[in-house]
1. Being at pLDDT below 70 and not in a strand (DSSP E or B), is that true of even one residue in the range 148-157?
2. Being at pLDDT 90 or above, among the hydroxyl-bearing types (Ser, Thr, Tyr) and in the same structural domain as Val23 (by TED's automatic domain parsing) is true for just one of Ser74, Ser78, Ser95, Ser43. Which residue is that?
Amino acid sequence: MTRQDFLQELRFALQGQLSQEAVNDNIRYYDNYIMEEVQKGNSEEAVVERLGNPRLIAKTLIDTKKQFGRTEESEYYSESYRQAETGKGLHAGYSQDKGWDIRLGGLKLNSWYGKLLLAAIAIFIIVIVANVVAFLLPILVPVILALLICSLFLGGRR
């Protein structure tokens, strides 16, 4: 089955059961998923086969809607999905082949350059904290020593 056949069958099964916006969101989601997997080197037929029967997917989506109705969670999902589509906000997706794909805007955080950027940020924060401690240490050590000496002399008189 091709991508177009899969999407057409899914649309047909969802039509009339979900709102047009929900049908379009689901079609767009599966279309993007298939295209991303093809870009990763998988064949279109293999991706569609892994997804399974589009009528079963449609039934699951319809049953989920009937069970939970239109809730804040579905609106949140739609908004977070739109943010992920436009490249805004933090987005995480899972692929069976490659595991988690974590993105911040257009930057893929679990790639080598994303990890390098996170390491650079962590080092920057450590350097800032170390400089603050190095600045305060000459002031705090004499104060702490003075307090300890005072407590030794005055501690026995209670």
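The values are calculated or read from the model by the stated rules, or taken from the named source; none is laboratory data. Please read all numbers here as calculations on a predicted model, not as lab measurements.
1. Checked against the condition, which is being at pLDDT below 70 and not in a strand (DSSP E or B), the range 148-157 yields at least one hit.
2. Residue meeting the stated conditions: Ser43.
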